Amino acid sequence: MSFKSRIVLVSAVSLLILGACNSKTGNTSATGEIAATVNGTPISKSSVDQMIGQRSAMGQPDSPEARKAIINQLAMQLLVSQEAIKKNMDKMPEVADQVNLTQQSILANAFVQDYKKNNPVSDDMLKAEYDKVKAQMSGTEYKARHILVAKEADAKAIIAKLKKNAKLFDSLAKEYSTDQGSKDKGGDLGWFDPRAMVPEFGAAVAKLEKGKFTLEPVKTQFGYHVILLEDTRAKSVPAFEQIKPQLIERVQDHNIKKLVDGMMAKAKIEITASPAAAPAKKPE
C-alpha cells in the first residue's frame, strides 16, 4: 500500500469506526444516496464526498478514478472494522476510549462550524479588530547592522576602530561577529521592529540617529553588540480588504473561545484521577 493510501485510510477512520462500533454486526447507518455496499452494509455518497474534499484540500483533483479508489479504501476499512467487531475489539477499554475521543472531536468540530455559520461576524466587529491590528502594527521599523562579540573589551576595541573609520563596519562584522546569521552580510539585520528584539537591543536601536553607531557596547543575553542604524521608516499596515479573511478568523476564534470559556466556568468539572504523568514503561 502506498504512503498516500495510508494517509487516506487514516482519514477514513473518523468516518467509519464510529458507525461500526454502533452495531455488533458492523452495519453503518447511511443517509441519502448510497455509493456502494459491502456485504450488505452501505457506504454513503456523503462519506465519499468528504474524502474527496480532503483530497481536494491537498491539491488532488476530483475524478471518477479518484472516487473509485476512495470507495475501495472505504470498503477495505469497513471490512477490517467488521472483523475487529467480530473479535469484540470494540469492547476493549483502550479502543472504546479512542472511539469516544474521536466522536467527541468530530462533534466539537461540528459545533464550532455550526456556531460560525449561525453567528456571522459583523462589520463593526471587523472594524474593531482592524483597529487593533493597526495599533499593534503602528510605529517605526529600523534597518540596522550589528557586530556581536563575547567580551566587552572586544566590543570597545571595535568601537575604537569605527571612530577612526565608520566605513569599516562591514569588514569588522565579517571578521569579528559571532552572529552566524548576519556576519557574512556585514552584520546586516534587514528591517525589523525593535519590539521583536531583546529589550536592551531594541532600546539601543531606538535611541540611535541614522548613520550613527553605539558608542558603548550594548549588553544582552547573547553577548556585547555594536550597532549601526542605517535607516528608519513608518510601518505599513495592510489594507482592510487585504486581511479581511484573517480578521474574520481572528474574531471567530475570539468569540468561540469566549463562548467555551463561559461553558467551562459553568460546568461542574471534577478531576478524580491524578494529573501526574503516567510512569514510563520499562524497556523490554
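No lab work stands behind these numbers, since they all come straight from the coordinates. Model, not experiment: these values are computed from the prediction. So basically every Cβ, Gly included, is an ideal-geometry build from the backbone, and we count neighbours across all protein chains shown.
Sorting the segments 253-266, 176-189 by their residues' average number of neighbouring beta-carbon atoms within 10 angstrom, most packed first, yields 176-189, 253-266. Checked against a 22 Å cut-off, the cross-linked pairs 45/68; 117/258; 161/212; 132/207 give Cα-Cα distances beyond that limit for 132/207. Counting Cα-Cα pairs of the stretch 25-116 in 10 Å increments starting at 0 gives whole-percent bin shares of 15, 36, 39, 11, 0. The Stokes-Einstein estimate for the stretch 79-146, based on a Kirkwood radius over Cα pairs and taken at 4 °C with 1.567 mPa s viscosity, is a diffusion coefficient of 75 µm²/s.
In the stretch 147-199, one over the average inverse separation of all distinct C-alpha pairs is 11.7 Å, which is the Kirkwood hydrodynamic radius. In the chain, Cα pairs under 8 Å separated by at least six residues give a relative contact order of 16 percent.
Highest mobility in the GNM of the chain, judged by mean-square fluctuation with C-alpha springs under 10 Å and restricted to 270, 249, 230, is found for 270. Model label sites at residue 274 and residue 216, defined 7 Å from Cα along the beta-carbon direction, differ in position by 5.4 nm.
Distance from the alpha carbon centroid of the stretch 214-250 to that of the stretch 114-174 works out to 2 angstrom. Shown here: the stretch 106-191, whose C-alpha atoms stretch 68, 31, 21 Å along the first, second and third principal axes, sorted largest to smallest. Kirkwood radius for the stretch 197-269, taken over all pairs of different Cα atoms as the inverse mean of 1/r, rounds to 16.8 Å.
Expressed as a fraction of 2.2 N^0.38 Å, the value expected for a compact globular protein of N residues, the C-alpha radius of gyration of the chain is 1.59. Placing dummy labels 7 Å off each Cα toward the beta-carbon, the span from residue 150 to residue 200 is 1.6 nm. Cβ-to-Cβ counts within 10 Å put 162, 74 in ascending order as 162, 74, the fewest first.
How would you classify the stretch 131-242 from its alpha-carbon gyration tensor, with a ≥ b ≥ c the square roots of the eigenvalues: rounded for a/c under 1.5, else prolate if a/b is greater than b/c, otherwise oblate? Prolate, because a/c is 1.5 or more and a/b exceeds b/c. Charge dipole (Cα centre; +1 on Lys/Arg Cβ, -1 on Asp/Glu Cβ; no other charges) of the chain amounts to roughly 500 debye.
Distance between the pseudo-spin-label points of residue 106 and residue 56 (7 Å out from Cα toward the beta carbon): 2.0 nm.
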